[in-house]
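See structure below.
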Amino acid sequence: MRFLLALTAAGAALAASNPKSVTYYKDVLPVLQKNCQTCHRPGEAAPMAFLTYEQTRPWAKAIKASVLGKQMPPWFADAAHGKWANDRTLSADEIATLSSWADNGAKEGNKKDAPAPVTFVQGWGIGKPDLVLEMPESYSVPDSGTIEYQYIIIPTGLKEDKWIQMAEARPGNRQTVHHIIAFVREPGSKWFADQKPGVAFSPKTMASNGQRQGGNDEASREFLVGFAPGSPPEVLRPGTAKLLKAGSDLVLQMHYTATGKAGTDKSAIGLVFAKDAVEKRVFTSAVTTNKFVIPAGASSHDVKASMTLQEDADLVSLLPHMHLRGKAFEYRAVYPTGETEVLLKVPAYRFDWQLWYEFASPKRIPKGTRLEVTGTFDNSANNRFNPDATKDVKWGEQSWEEMMMGFFDVAFDAKKDPMDLFRPKKRTGTDD
Ligand code: HEC
(Lines give C-alpha, C1' and ligand atoms only; values in the text may rest on other atoms or scores of the structure.)
Protein backbone atom coordinates (compact mmCIF):
# COMPACT_ATOMS: atom_id res chain seq x y z
CA MET A 1 0.00 0.00 0.00
CA ARG A 2 2.75 2.44 0.98
CA PHE A 3 4.55 1.50 -2.19
CA LEU A 4 1.51 2.22 -4.34
CA LEU A 5 0.98 5.57 -2.67
CA ALA A 6 4.62 6.48 -3.21
CA LEU A 7 4.35 5.75 -6.92
CA THR A 8 1.58 8.31 -7.40
CA ALA A 9 3.62 11.40 -6.59
CA ALA A 10 7.07 11.28 -8.11
CA GLY A 11 8.66 14.07 -6.08
CA ALA A 12 7.30 12.85 -2.80
CA ALA A 13 8.21 9.27 -3.66
CA LEU A 14 11.83 10.31 -4.01
CA ALA A 15 11.63 12.19 -0.75
CA ALA A 16 10.26 9.14 1.00
CA SER A 17 12.80 6.68 -0.39
CA ASN A 18 15.75 8.96 0.21
CA PRO A 19 14.87 11.68 2.68
CA LYS A 20 18.44 13.03 2.64
CA SER A 21 17.99 14.20 -0.95
CA VAL A 22 15.07 16.53 -0.18
CA THR A 23 15.91 20.07 -1.25
CA TYR A 24 14.18 23.41 -1.10
CA TYR A 25 14.03 24.06 -4.85
CA LYS A 26 13.05 20.58 -5.97
CA ASP A 27 10.68 19.37 -3.24
CA VAL A 28 9.76 22.06 -0.74
CA LEU A 29 9.07 25.10 -2.90
CA PRO A 30 6.27 23.42 -4.90
CA VAL A 31 4.49 22.57 -1.63
CA LEU A 32 4.90 26.12 -0.32
CA GLN A 33 3.66 27.63 -3.59
CA LYS A 34 0.54 25.52 -3.57
CA ASN A 35 -0.33 25.67 0.11
CA CYS A 36 1.41 28.50 1.94
CA GLN A 37 2.43 31.47 -0.19
CA THR A 38 -1.06 32.99 -0.51
CA CYS A 39 -0.59 34.05 3.13
CA HIS A 40 3.18 33.76 3.55
CA ARG A 41 4.20 36.67 1.32
CA PRO A 42 4.68 40.37 2.04
CA GLY A 43 1.51 42.31 2.84
CA GLU A 44 -0.61 39.23 3.59
CA ALA A 45 -1.88 37.58 6.77
CA ALA A 46 1.26 35.75 7.87
CA PRO A 47 4.04 37.67 9.62
CA MET A 48 6.81 36.04 7.55
CA ALA A 49 7.28 35.28 3.85
CA PHE A 50 8.21 31.89 2.40
CA LEU A 51 9.01 33.03 -1.14
CA THR A 52 12.77 32.41 -1.16
CA TYR A 53 15.20 29.92 0.36
CA GLU A 54 16.72 32.64 2.55
CA GLN A 55 13.29 33.57 3.96
CA THR A 56 12.22 29.97 4.54
CA ARG A 57 15.39 28.33 5.87
CA PRO A 58 15.22 29.80 9.42
CA TRP A 59 11.66 28.44 9.77
CA ALA A 60 12.40 24.84 8.76
CA LYS A 61 11.89 23.37 12.25
CA ALA A 62 8.81 25.52 12.92
CA ILE A 63 7.35 24.47 9.55
CA LYS A 64 7.79 20.83 10.44
CA ALA A 65 6.16 21.32 13.84
CA SER A 66 3.25 23.33 12.45
CA VAL A 67 2.34 20.86 9.69
CA LEU A 68 2.74 17.79 11.91
CA GLY A 69 0.62 19.48 14.59
CA LYS A 70 -1.96 20.48 11.91
CA GLN A 71 -1.82 24.15 12.98
CA MET A 72 -0.74 25.01 9.44
CA PRO A 73 -2.23 25.50 6.97
CA PRO A 74 -5.25 26.70 8.96
CA TRP A 75 -8.13 24.31 8.32
CA PHE A 76 -10.46 23.01 11.00
CA ALA A 77 -13.19 20.94 9.35
CA ASP A 78 -13.60 17.33 10.47
CA ALA A 79 -12.75 15.32 7.34
CA ALA A 80 -15.55 12.85 8.15
CA HIS A 81 -18.21 15.32 6.96
CA GLY A 82 -18.37 17.17 3.68
CA LYS A 83 -16.04 17.79 0.74
CA TRP A 84 -14.69 21.30 0.37
CA ALA A 85 -13.53 23.21 -2.68
CA ASN A 86 -11.07 25.23 -0.60
CA ASP A 87 -9.82 22.36 1.60
CA ARG A 88 -6.31 23.29 2.71
CA THR A 89 -5.41 19.91 4.23
CA LEU A 90 -1.93 18.75 3.21
CA SER A 91 -1.46 15.24 1.85
CA ALA A 92 0.65 12.78 3.83
CA ASP A 93 3.33 13.12 1.14
CA GLU A 94 3.43 16.89 1.45
CA ILE A 95 3.80 16.65 5.22
CA ALA A 96 6.55 14.03 4.83
CA THR A 97 8.42 16.26 2.37
CA LEU A 98 8.41 19.27 4.69
CA SER A 99 9.41 17.16 7.71
CA SER A 100 12.28 15.35 6.04
CA TRP A 101 13.57 18.65 4.69
CA ALA A 102 13.76 20.01 8.25
CA ASP A 103 15.28 16.76 9.56
CA ASN A 104 18.02 16.61 6.94
CA GLY A 105 19.66 20.00 7.15
CA ALA A 106 17.05 22.04 5.21
CA LYS A 107 19.18 21.92 2.06
CA GLU A 108 18.92 24.50 -0.70
CA GLY A 109 19.60 22.24 -3.68
CA ASN A 110 19.90 23.40 -7.25
CA LYS A 111 18.06 26.51 -8.42
CA LYS A 112 17.55 24.83 -11.81
CA ASP A 113 15.09 22.44 -10.13
CA ALA A 114 12.83 25.27 -8.96
CA PRO A 115 9.31 25.60 -10.38
CA ALA A 116 8.43 28.94 -11.99
CA PRO A 117 7.51 31.50 -9.32
CA VAL A 118 3.80 32.08 -8.79
CA THR A 119 2.69 35.56 -9.78
CA PHE A 120 0.41 37.25 -7.27
CA VAL A 121 -1.35 40.56 -7.86
CA GLN A 122 0.13 42.77 -5.18
CA GLY A 123 -2.51 44.11 -2.84
CA TRP A 124 -5.52 42.07 -4.02
CA GLY A 125 -6.38 38.40 -3.86
CA ILE A 126 -9.08 38.81 -6.53
CA GLY A 127 -6.81 40.20 -9.24
CA LYS A 128 -7.38 43.73 -10.47
CA PRO A 129 -10.78 44.98 -9.22
CA ASP A 130 -13.23 46.72 -11.59
CA LEU A 131 -14.23 49.03 -8.77
CA VAL A 132 -12.44 49.99 -5.55
CA LEU A 133 -14.44 51.72 -2.83
CA GLU A 134 -12.14 53.13 -0.18
CA MET A 135 -12.85 54.91 3.09
CA PRO A 136 -12.62 58.59 2.07
CA GLU A 137 -10.81 59.50 5.30
CA SER A 138 -8.44 57.61 7.55
CA TYR A 139 -9.76 56.52 10.90
CA SER A 140 -7.56 57.36 13.88
CA VAL A 141 -7.28 54.35 16.14
CA PRO A 142 -6.49 55.23 19.77
CA ASP A 143 -3.68 53.42 21.58
CA SER A 144 -5.88 51.90 24.28
CA GLY A 145 -9.41 51.36 25.53
CA THR A 146 -12.51 49.68 24.10
CA ILE A 147 -13.32 50.85 20.61
CA GLU A 148 -17.00 50.38 19.75
CA TYR A 149 -17.79 49.20 16.23
CA GLN A 150 -17.40 52.09 13.79
CA TYR A 151 -19.63 52.42 10.73
CA ILE A 152 -18.71 54.25 7.54
CA ILE A 153 -21.09 54.77 4.64
CA ILE A 154 -19.50 54.76 1.18
CA PRO A 155 -21.79 55.57 -1.78
CA THR A 156 -21.09 53.27 -4.76
CA GLY A 157 -22.06 55.89 -7.33
CA LEU A 158 -23.37 53.06 -9.54
CA LYS A 159 -25.84 54.18 -12.22
CA GLU A 160 -26.85 50.65 -13.14
CA ASP A 161 -27.26 47.30 -11.35
CA LYS A 162 -24.04 45.25 -11.16
CA TRP A 163 -23.50 41.55 -10.56
CA ILE A 164 -20.51 40.95 -8.30
CA GLN A 165 -18.38 37.90 -9.15
CA MET A 166 -15.65 38.57 -6.60
CA ALA A 167 -15.36 40.87 -3.63
CA GLU A 168 -12.55 41.52 -1.18
CA ALA A 169 -12.36 43.60 1.96
CA ARG A 170 -8.85 44.91 2.36
CA PRO A 171 -7.69 46.27 5.72
CA GLY A 172 -5.54 49.39 5.48
CA ASN A 173 -3.76 48.54 8.72
CA ARG A 174 -3.69 44.87 9.69
CA GLN A 175 -2.37 45.67 13.17
CA THR A 176 -5.59 47.31 14.32
CA VAL A 177 -8.31 46.03 11.98
CA HIS A 178 -9.90 43.09 13.72
CA HIS A 179 -12.71 42.66 11.25
CA ILE A 180 -14.54 44.41 8.43
CA ILE A 181 -18.04 43.68 7.25
CA ALA A 182 -19.23 45.45 4.12
CA PHE A 183 -23.03 45.60 3.92
CA VAL A 184 -25.00 46.73 0.90
CA ARG A 185 -27.64 49.34 1.74
CA GLU A 186 -30.32 49.47 -0.92
CA PRO A 187 -31.49 52.82 -2.22
CA GLY A 188 -34.36 54.16 -0.10
CA SER A 189 -33.31 52.19 2.98
CA LYS A 190 -33.87 53.86 6.34
CA TRP A 191 -30.89 52.07 7.89
CA PHE A 192 -28.60 54.78 9.30
CA ALA A 193 -30.45 57.20 7.04
CA ASP A 194 -29.47 60.16 9.25
CA GLN A 195 -25.73 59.55 8.96
CA LYS A 196 -23.37 61.45 6.72
CA PRO A 197 -21.44 59.33 4.18
CA GLY A 198 -17.70 59.06 4.72
CA VAL A 199 -17.78 59.99 8.40
CA ALA A 200 -17.22 57.23 10.97
CA PHE A 201 -19.91 56.85 13.62
CA SER A 202 -20.71 54.40 16.39
CA PRO A 203 -24.36 53.42 16.94
CA LYS A 204 -23.54 52.25 20.46
CA THR A 205 -21.90 55.51 21.49
CA MET A 206 -24.76 57.45 19.89
CA ALA A 207 -27.35 55.35 21.69
CA SER A 208 -25.70 55.96 25.03
CA ASN A 209 -25.72 59.70 24.24
CA GLY A 210 -29.41 59.52 23.29
CA GLN A 211 -28.72 60.49 19.65
CA ARG A 212 -30.88 59.44 16.70
CA GLN A 213 -29.36 56.85 14.37
CA GLY A 214 -32.01 56.17 11.78
CA GLY A 215 -34.02 52.95 11.61
CA ASN A 216 -32.59 49.47 11.82
CA ASP A 217 -34.41 48.30 8.66
CA GLU A 218 -32.68 44.92 8.59
CA ALA A 219 -34.54 43.80 5.49
CA SER A 220 -32.86 46.47 3.35
CA ARG A 221 -29.28 45.51 4.03
CA GLU A 222 -27.22 42.62 2.81
CA PHE A 223 -23.85 41.16 3.81
CA LEU A 224 -21.51 41.63 0.82
CA VAL A 225 -18.06 40.61 2.03
CA GLY A 226 -16.06 40.47 5.22
CA PHE A 227 -12.48 40.46 6.36
CA ALA A 228 -11.21 38.60 9.40
CA PRO A 229 -7.95 36.72 9.98
CA GLY A 230 -7.67 33.86 7.51
CA SER A 231 -10.85 34.64 5.60
CA PRO A 232 -10.33 34.51 1.85
CA PRO A 233 -11.99 36.93 -0.60
CA GLU A 234 -15.49 36.12 -1.83
CA VAL A 235 -14.98 34.34 -5.16
CA LEU A 236 -18.22 33.04 -6.66
CA ARG A 237 -18.65 30.37 -9.31
CA PRO A 238 -19.38 31.46 -12.88
CA GLY A 239 -23.13 31.87 -13.35
CA THR A 240 -23.62 32.88 -9.71
CA ALA A 241 -23.08 36.36 -8.28
CA LYS A 242 -24.17 38.86 -5.66
CA LEU A 243 -26.31 41.80 -6.71
CA LEU A 244 -25.38 45.44 -6.18
CA LYS A 245 -28.30 47.61 -7.22
CA ALA A 246 -27.84 51.03 -8.83
CA GLY A 247 -27.68 53.76 -6.23
CA SER A 248 -26.73 51.40 -3.37
CA ASP A 249 -24.31 52.39 -0.65
CA LEU A 250 -21.79 50.22 1.10
CA VAL A 251 -21.93 50.41 4.88
CA LEU A 252 -18.67 49.26 6.46
CA GLN A 253 -18.75 47.87 9.96
CA MET A 254 -15.23 48.27 11.30
CA HIS A 255 -14.00 46.48 14.40
CA TYR A 256 -10.75 48.07 15.52
CA THR A 257 -8.75 46.89 18.49
CA ALA A 258 -6.27 49.06 20.34
CA THR A 259 -2.74 47.67 20.26
CA GLY A 260 -0.91 49.95 22.69
CA LYS A 261 0.22 52.16 19.82
CA ALA A 262 -2.05 54.74 18.15
CA GLY A 263 -2.44 54.28 14.40
CA THR A 264 -4.58 55.09 11.40
CA ASP A 265 -6.53 52.92 9.00
CA LYS A 266 -7.99 53.40 5.54
CA SER A 267 -9.59 50.15 4.43
CA ALA A 268 -11.05 49.44 1.01
CA ILE A 269 -13.44 47.08 -0.77
CA GLY A 270 -12.51 45.72 -4.21
CA LEU A 271 -15.16 44.38 -6.60
CA VAL A 272 -14.92 42.35 -9.80
CA PHE A 273 -18.06 42.39 -11.93
CA ALA A 274 -19.51 39.24 -13.50
CA LYS A 275 -18.58 38.73 -17.14
CA ASP A 276 -20.96 35.77 -17.72
CA ALA A 277 -24.74 35.60 -17.57
CA VAL A 278 -25.93 35.18 -13.99
CA GLU A 279 -28.48 32.43 -13.32
CA LYS A 280 -28.30 32.35 -9.54
CA ARG A 281 -28.07 35.14 -7.06
CA VAL A 282 -25.85 34.46 -4.05
CA PHE A 283 -26.96 35.75 -0.74
CA THR A 284 -25.28 35.63 2.70
CA SER A 285 -27.37 34.93 5.76
CA ALA A 286 -26.89 33.38 9.20
CA VAL A 287 -28.59 30.97 11.54
CA THR A 288 -28.18 32.72 14.85
CA THR A 289 -29.55 33.63 18.23
CA ASN A 290 -28.66 36.28 20.76
CA LYS A 291 -30.69 34.70 23.55
CA PHE A 292 -28.17 32.75 25.58
CA VAL A 293 -26.20 32.80 28.79
CA ILE A 294 -22.98 30.80 29.07
CA PRO A 295 -22.53 30.02 32.77
CA ALA A 296 -19.27 30.97 34.46
CA GLY A 297 -16.86 28.04 34.51
CA ALA A 298 -18.89 25.83 32.10
CA SER A 299 -16.45 23.82 30.01
CA SER A 300 -18.85 22.64 27.32
CA HIS A 301 -22.01 24.70 26.92
CA ASP A 302 -24.16 24.26 23.79
CA VAL A 303 -26.11 27.08 22.18
CA LYS A 304 -28.47 26.06 19.38
CA ALA A 305 -30.40 27.83 16.66
CA SER A 306 -32.26 26.79 13.54
CA MET A 307 -33.89 28.28 10.48
CA THR A 308 -36.16 26.78 7.83
CA LEU A 309 -35.56 27.64 4.19
CA GLN A 310 -38.84 28.31 2.38
CA GLU A 311 -37.66 27.66 -1.21
CA ASP A 312 -35.29 25.30 -3.00
CA ALA A 313 -31.75 26.66 -2.87
CA ASP A 314 -28.09 25.67 -3.19
CA LEU A 315 -25.90 26.00 -0.14
CA VAL A 316 -22.56 27.37 -1.32
CA SER A 317 -20.45 27.86 1.80
CA LEU A 318 -20.46 28.04 5.60
CA LEU A 319 -18.66 30.20 8.15
CA PRO A 320 -19.00 29.48 11.87
CA HIS A 321 -18.53 32.55 14.05
CA MET A 322 -18.01 32.69 17.79
CA HIS A 323 -15.62 34.63 20.01
CA LEU A 324 -12.88 33.67 22.48
CA ARG A 325 -14.95 31.05 24.31
CA GLY A 326 -15.88 29.27 21.08
CA LYS A 327 -14.88 25.60 21.32
CA ALA A 328 -16.70 23.63 18.60
CA PHE A 329 -19.32 24.23 15.92
CA GLU A 330 -21.66 22.08 13.88
CA TYR A 331 -24.11 22.64 11.01
CA ARG A 332 -26.86 20.13 10.25
CA ALA A 333 -29.54 19.95 7.60
CA VAL A 334 -32.82 18.32 8.61
CA TYR A 335 -34.49 17.48 5.32
CA PRO A 336 -38.25 17.41 4.77
CA THR A 337 -37.98 13.60 4.77
CA GLY A 338 -36.88 13.82 8.41
CA GLU A 339 -33.35 12.72 7.60
CA THR A 340 -30.52 14.63 9.26
CA GLU A 341 -27.14 15.27 7.67
CA VAL A 342 -24.12 16.81 9.37
CA LEU A 343 -22.91 19.42 6.90
CA LEU A 344 -19.84 20.69 8.75
CA LYS A 345 -18.18 19.84 12.00
CA VAL A 346 -15.42 21.98 13.47
CA PRO A 347 -14.25 20.03 16.52
CA ALA A 348 -11.59 22.54 17.58
CA TYR A 349 -12.80 26.04 16.78
CA ARG A 350 -10.23 28.83 16.70
CA PHE A 351 -11.38 32.42 17.10
CA ASP A 352 -8.32 33.79 15.30
CA TRP A 353 -9.25 31.90 12.12
CA GLN A 354 -12.55 32.95 10.59
CA LEU A 355 -12.79 30.48 7.72
CA TRP A 356 -15.36 29.99 4.98
CA TYR A 357 -15.88 26.34 4.12
CA GLU A 358 -16.95 26.16 0.48
CA PHE A 359 -18.76 23.00 -0.68
CA ALA A 360 -16.90 21.12 -3.43
CA SER A 361 -20.20 21.19 -5.30
CA PRO A 362 -23.12 23.28 -4.10
CA LYS A 363 -25.40 21.43 -1.70
CA ARG A 364 -29.01 21.06 -2.89
CA ILE A 365 -31.38 22.15 -0.13
CA PRO A 366 -35.03 21.38 -0.84
CA LYS A 367 -37.69 23.77 0.32
CA GLY A 368 -38.68 23.13 3.93
CA THR A 369 -35.21 21.99 5.03
CA ARG A 370 -34.27 23.10 8.51
CA LEU A 371 -30.72 24.33 8.99
CA GLU A 372 -29.57 23.72 12.54
CA VAL A 373 -26.40 24.98 14.16
CA THR A 374 -24.80 24.23 17.52
CA GLY A 375 -22.04 26.38 18.96
CA THR A 376 -20.20 24.88 21.92
CA PHE A 377 -18.50 27.23 24.36
CA ASP A 378 -15.76 26.71 26.92
CA ASN A 379 -16.11 29.30 29.66
CA SER A 380 -13.78 27.46 32.03
CA ALA A 381 -10.32 28.42 33.21
CA ASN A 382 -8.92 25.59 31.06
CA ASN A 383 -9.66 27.62 27.94
CA ARG A 384 -6.44 29.58 27.60
CA PHE A 385 -8.16 32.24 25.47
CA ASN A 386 -10.87 32.85 28.08
CA PRO A 387 -10.63 36.46 29.28
CA ASP A 388 -12.59 35.71 32.49
CA ALA A 389 -13.88 32.30 33.63
CA THR A 390 -15.70 33.77 36.63
CA LYS A 391 -18.35 35.62 34.57
CA ASP A 392 -21.57 34.47 32.92
CA VAL A 393 -21.37 35.55 29.30
CA LYS A 394 -24.10 36.86 27.02
CA TRP A 395 -24.35 38.03 23.44
CA GLY A 396 -22.26 41.10 22.67
CA GLU A 397 -20.08 42.69 20.03
CA GLN A 398 -16.75 42.77 21.83
CA SER A 399 -14.46 39.74 21.91
CA TRP A 400 -14.94 39.26 25.68
CA GLU A 401 -18.67 38.93 25.00
CA GLU A 402 -19.99 36.14 22.79
CA MET A 403 -21.70 35.45 19.50
CA MET A 404 -23.12 32.30 17.94
CA MET A 405 -23.58 32.74 14.21
CA GLY A 406 -23.73 30.11 11.52
CA PHE A 407 -23.16 32.21 8.43
CA PHE A 408 -24.03 30.64 5.11
CA ASP A 409 -24.09 31.58 1.44
CA VAL A 410 -27.03 30.35 -0.64
CA ALA A 411 -27.50 30.54 -4.40
CA PHE A 412 -31.05 31.13 -5.51
CA ASP A 413 -32.91 31.72 -8.80
CA ALA A 414 -31.68 35.17 -9.88
CA LYS A 415 -35.12 36.14 -11.18
CA LYS A 416 -36.73 35.66 -7.77
CA ASP A 417 -36.61 37.78 -4.64
CA PRO A 418 -34.18 36.12 -2.19
CA MET A 419 -36.40 37.30 0.65
CA ASP A 420 -38.78 34.50 -0.34
CA LEU A 421 -36.24 32.12 1.19
CA PHE A 422 -36.72 33.61 4.62
CA ARG A 423 -40.43 34.28 5.07
CA PRO A 424 -41.25 36.11 7.38
CA LYS A 425 -39.04 38.79 5.87
CA LYS A 426 -35.95 38.62 7.98
CA ARG A 427 -32.52 37.88 6.59
CA THR A 428 -30.89 36.27 9.58
CA GLY A 429 -32.23 34.60 12.64
CA THR A 430 -33.74 31.63 14.20
CA ASP A 431 -37.01 29.72 13.90
CA ASP A 432 -38.20 30.56 17.39
C1 HEC B 1 -4.61 31.47 5.44
C2 HEC B 1 -3.30 31.95 5.63
C3 HEC B 1 -2.16 30.99 5.89
C4 HEC B 1 -1.81 29.86 5.18
C5 HEC B 1 -2.49 29.29 3.94
C6 HEC B 1 -0.63 29.35 5.81
N7 HEC B 1 -0.28 30.12 6.88
FE8 HEC B 1 1.25 29.79 8.18
N9 HEC B 1 0.69 31.41 9.27
C10 HEC B 1 -0.33 32.25 8.98
C11 HEC B 1 -0.42 33.27 10.00
C12 HEC B 1 -1.42 34.43 10.03
C13 HEC B 1 0.57 32.99 10.95
C14 HEC B 1 0.88 33.76 12.24
C15 HEC B 1 -0.15 33.53 13.30
C16 HEC B 1 -0.17 32.14 13.83
O17 HEC B 1 0.91 31.59 14.12
O18 HEC B 1 -1.25 31.58 13.97
C19 HEC B 1 1.25 31.81 10.46
C20 HEC B 1 2.30 31.20 11.13
C21 HEC B 1 3.04 30.16 10.62
C22 HEC B 1 4.21 29.60 11.25
C23 HEC B 1 4.82 30.07 12.55
C24 HEC B 1 4.29 29.26 13.69
C25 HEC B 1 5.11 29.56 14.89
O26 HEC B 1 5.71 28.62 15.40
O27 HEC B 1 5.17 30.73 15.29
C28 HEC B 1 4.67 28.62 10.45
C29 HEC B 1 5.90 27.77 10.67
C30 HEC B 1 3.77 28.52 9.33
N31 HEC B 1 2.80 29.48 9.47
C32 HEC B 1 3.88 27.62 8.29
C33 HEC B 1 2.97 27.48 7.27
C34 HEC B 1 3.09 26.49 6.22
C35 HEC B 1 4.22 25.50 6.10
C36 HEC B 1 2.02 26.65 5.42
C37 HEC B 1 1.64 25.86 4.19
C38 HEC B 1 1.78 24.44 4.29
C39 HEC B 1 1.23 27.75 5.94
N40 HEC B 1 1.85 28.22 7.07
C41 HEC B 1 0.05 28.20 5.38
C42 HEC B 1 -1.16 32.18 7.88
C43 HEC B 1 -1.18 31.14 6.96
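Before moving on, here are some points about what is shown:
- Solution diffusion estimate, µm²/s, Stokes-Einstein, the chain, Kirkwood Rh from C-alpha pairs, 4 °C, viscosity 1.567 mPa s: 55 µm²/s
- Length added when fully stretched, Thr390-Lys415, from 0.36 nm per residue minus Cα-Cα: 3.8 nm
- Top of Met206, Met135, Met404 by mean-square fluctuation, Gaussian network on the chain, Cα under 10 Å: Met206
- Folded to 0 to 90 degrees: helix 92-103 orientation relative to the chain principal axis, Cα: 60 degrees
- Spin-label model distance (nm) - Glu108 vs Glu279, 7 Å beyond Cα toward Cβ: 5.3 nm
- Taking the chain and dividing mean pair separation by its residue count, relative contact order in percent (alpha carbons under 8 Å, at least six apart): 18 percent
- The local environment of Val373, defined by Cβ-Cβ distances under 9 Å, has a net charge of 0 under the rule Lys, Arg +1 and Asp, Glu -1.
- Taking all protein chains into account, the per residue accessible area for the chain stands at 47 Å² (1.4 Å probe).
- The convex hull built on the alpha-carbon positions of the stretch 121-278 has an orientation-averaged projected area of 9.7 nm².
- Of the solvent-accessible surface of the chain, computed with a 1.4 Å probe and all protein chains present, 54% belongs to carbon and sulfur.
- Rounded to the nearest 20, the Cβ-based charge dipole of the chain about its Cα centre (Lys and Arg +1, Asp and Glu -1) stands at 640 debye.
- Working from label points 7 Å from Cα in the Cα-to-Cβ sense, the Lys291 to Ala381 distance is 3.4 nm.
- Residues of the stretch 96-134 with amide N under 19 Å of a point placed 7 Å along Cα→Cβ from Leu68: 96-107
- Inter-label distance, nm, simple model (7 Å from Cα along the C-beta direction), Lys304/Ser91: 4.1 nm
- Computed [θ] at 222 nm, helices only, for the chain once each DSSP H run of length n ≥ 4 contributes -39500 (n - 2.57): -3000 deg cm²/dmol
- For the stretch 342-405, diffusion coefficient by Stokes-Einstein and Kirkwood Rh (Cα), 25 °C, 0.890 mPa s, µm²/s: 168 µm²/s
- Highest mobility in the GNM of the chain, judged by mean-square fluctuation with C-alpha springs under 10 Å and restricted to Val410, Val184, Val141, is found for Val141.
- Top of Lys327, Lys162, Lys196 by mean-square fluctuation, Gaussian network on the chain, Cα under 10 Å: Lys196
- Distance-filtered residues of the stretch 376-390 - backbone nitrogen under 15 Å, label point 7 angstrom along Asp352 Cα→Cβ: 384-387
The values are calculated or read from the model by the stated rules, or taken from the named source; none is laboratory data. Quick caveat, the model's predicted, so the values are computed rather than measured. With ideal geometry, Cβ positions are generated from the backbone for all residues, glycine too; neighbour counts draw on all protein chains shown. Remember, those area values only see protein heavy atoms, side chains included, never the ligands or the DNA or RNA. Shrake-Rupley method; radii C 1.70, N 1.55, O 1.52, S 1.80 Å.
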